[in-house]
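Inspection log for the structure reproduced underneath, given as structure tokens.
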């Protein structure tokens, strides 16, 4: 199953760019234990979003497609949590995270819409 209207390229590129921003953020974090532990959690979840989208693009069924996009959504929600924690713990200034936070919110909205539309389409075709 493919994301429609060529959207997989845009979404794939955006999720990869998000992952790269997360990688750069992790590399710039202080080397203390707390920053590194939270940073590694963000690194794992933030880079997983794009991997799930890449897998979704080649899902063998609508159910598998939806499952992979839902996985990306879960990883994005986790990423948002770790970004908030970095700011609230005072490890990174919130203004340095603003653009990443905004992109995470936009990607979340896109992923939610894809899941909802895919489920609606799946129900309509039954």
| message | Taking the beta-carbon count within 10 Å as an exposure proxy, list 79, 67, 45 from fewest neighbours to most. | response | 67, 45, 79
| field | Mean ellipticity per residue at 222 nm, deg cm²/dmol - from DSSP H runs of n ≥ 4 across the chain, formula -39500 (n - 2.57) | value | -29500 deg cm²/dmol
| note | Tilt, helix 62-88 to longest principal axis of the chain (alpha-carbon atoms), in degrees rounded to tens, equals 20 degrees
| 19 Å tail of the calculated P(r), the chain, as % of Cα pairs | 47 percent
| For the Cα atoms of the chain, what angle does the longest principal axis make with the long axis of helix 33-56, in degrees from 0 to 90, nearest 10? | 20 degrees
| note | When the chain is treated as a Gaussian network with springs between alpha carbons less than 10 Å apart, the largest mean-square fluctuation among 46, 71, 90 is found at 90
| said: Pick from 108, 15, 33 the residue whose mean-square fluctuation is largest in a GNM of the chain, springs joining Cα atoms under 10 Å. | reply: 33
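Under the definition of Cα pairs under 8 Å and six or more residues apart, what whole-number percent is the relative contact order of the chain? Mind dumping the intermediate values first?
Numbers: 133 pairs, mean separation 33.4, N = 126.
Dividing the mean separation by the residue count of the chain yields 26 percent.
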| Taking the Cβ-Cβ separation of residue 27 and residue 61 as r and a Förster radius of 30 Å, what is the calculated FRET efficiency to the nearest 0.05? | 0.20
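Rule-based calculations on the coordinates, nothing more; no lab input. Predicted model only: the values in this text are computed from it and were never measured. Because the Cβ atoms are built from the backbone with ideal geometry, glycine has one as well, and the counts that use them run over all protein chains shown.
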